[in-house]
Amino acid sequence: MAPKNSAPHPPDAGTSQLLELIRTGRASTRQELVRMSGLSRSTVSQRLEGLLARGLVIAGDQGESMGGRPPGSLLFNPKAGFVLVADCGASQTHTGIADLGGDVLIGEITDRAIAEGPEGFLAWLEARLDEHLREASVDPALVRGVGVGLPGPVEHRKGRPVSPPIMPGWDGYPVAERLAETFSRPALVDNDVNIMALGEHRLAHNEVRDMLFVKVGTGIGCGLVLGGNIHRGAHGAAGDIGHIHVPGHDDVLCSCGNIGCLESVASGGALAAQLSDVLPRDAKVSDVVDHVLHGDDPRAVAAVRNAGREIGGVLAGLVNTCDPDVIVIGGQMALADRPLIAGIREIVYRRSLPLATHNLRIIKSSLDERAGIVGAALMVVERVLTDRGASVADAAGAP
Ligand SMILES: [Zn+2]
């Protein structure tokens, strides 16, 4: 198939709106669709016929379990298509296939350095996703799109990394265009923490509008869900809290060239350096977590709690700025959640304004390592099928 890089054709007016109402459970009858969409009864019927014919919506009398809903109720059918997904980190990449509800059919974690550059890395990724299709016996015709997260700032509209500090050779590389061409499907690319935030929000915290997702791994980043949508900022750099300066550490040089960045004192990488005398050479974040959980080493537990306090200091400012309902802590270090979250809570509740912390919850990610690929799938579903992310007008290859 020829690559599809032209601007998207608008779907039949209202179709995506109806699908979104059904997908999110806000409407499950024709009457509700008419009332909530503002479309006429005949338009709703016509659009609905199309959605039923494409299998994206199923009616209650079609033999599916309806969970006690009355016959004729309309339900989104997450099995009507699949998304190829990848959550690429600095040293590990999570690849897989998910259905349209974010349910992961295949998920696999591979050690692979993103620093090898885009050509080699993406060739490997494309081959891996192709293998997943075969392993899962998924009909390629049912693939609706490709969703990828990258560990650096991304210009989401174009699907290109922007000056990513740990990804040499990737600056401006047309990642989304390349993937759209390879798979002849729409491809969307975002920052890895943003897709984790999206996955966690949609599947675990959809009831709140404002949420912060903090990834603590080799580095530290934050995804901002504001008003129910990912807030990316003017240049795709919103939430890059790892390089906020924290007081008292002007002797620590950060990988970005500045001194005393949060990431250089409180990330998994920083903890590995602080505990280097008791860890294996070239210890990874997983070694730090292992040592904290099983090493019977009070000094390690104290170091993680201290890292939590430093992160909490930065988050306290964000809480006063954004007034979130919930802060979710994810990334590999969140596996050592007790000392880490204890440190974060200690400082956030002490330093933030009482009104902002009154009902604030600070909790561990419930999706753990799946958050990224789930979010990558839902990013594609929301943009390609239901147009929820309509501001992303020129998603590469959108049909
Ligand atoms: Zn820095």
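Per residue of the chain, the DSSP helices (runs of n ≥ 4 H) give a summed -39500 (n - 2.57) that works out to -11000 deg cm²/dmol at 222 nm. A crude spin-label estimate for the pair residue 142 and residue 323, with each label 7 Å from Cα along the Cβ direction, gives 4.5 nm. Computed as a quarter of the hull surface, the mean projected area of the alpha carbon convex hull for the chain stands at 21.0 nm².
Annotation: extensible slack from residue 52 through residue 26 equals 7.6 nm (criterion: 0.36 nm per residue apart, minus Cα-Cα distance).
Compute the length gained on full extension between residue 342 and residue 299: take 0.36 nm times their separation in residues and subtract their Cα-Cα distance, giving the result in nm to one decimal.
13.9 nm
Exposed loop sites are taken as trypsin sites (Lys or Arg not before Pro) in a DSSP loop (any state but H, G, I, E or B) with at most 13 other beta carbon atoms within 10 Å; the longest stretch of the chain without one runs 27-280.
The length gained on full extension between residue 364 and residue 41, counted as 0.36 nm times the residue separation minus their Cα-Cα distance, comes to 111.8 nm.
Of all the options 165, 324, 339, the one that moves most in a Gaussian network model of the chain with Cα springs shorter than 10 angstrom is 165.
A 1.4 Å probe run over the protein chains yields, for the chain, 43 Å² of accessible area per residue, whole-number rounding. Normalised by the number of residues in the stretch 286-385, the mean separation of alpha-carbon contacts (under 8 Å, six or more apart) gives a relative contact order of 32 percent. Angle between the Cα long axis of helix 371-380 and the longest principal axis of the chain, 0 to 90 degrees, nearest 10? Computed tilt is about 30 degrees. Rounded to the nearest 5, the antiparallel percentage of DSSP beta bridges internal to the chain is 60%. Taking label points 7 Å from Cα along the Cα-to-Cβ direction, residue 111 and residue 229 give a separation of 4.2 nm. The calculated FRET efficiency for residue 250 paired with residue 282, based on their beta-carbon distance and R0 = 22 Å, is about 0.25. Using a 1.4 Å probe on the protein heavy atoms, what percent of the accessible area of the stretch 225-343 belongs to carbon and sulfur? Its accessible area is 50 percent carbon and sulfur atoms. Mind checking the angle between helix 41-53 and the chain's longest principal axis? C-alpha axes, 0 to 90 degrees, to the nearest 10. Helix 41-53 sits at roughly 70 degrees to that axis. Backbone phi angles across the stretch 288-301, fed through the Karplus curve with coefficients 6.51, -1.76 and 1.60 (θ = phi - 60°), yield HN-Hα couplings of 4, 4, 4, 5, 5, 6, 10, x, 6, 10, x, 5, 5, 4 Hz in residue order; Gly and Pro are listed as x.
The values are calculated or read from the model by the stated rules, or taken from the named source; none is laboratory data. Source: prediction; values computed, not measured. When we count neighbours, we look across all protein chains shown, and the Cβ atoms used for this are built from the backbone with ideal geometry, even at glycine. Accessible surface is based on the protein model in full, side chains and every heavy atom, while ligands, DNA and RNA are left aside. Shrake-Rupley method; radii C 1.70, N 1.55, O 1.52, S 1.80 Å.
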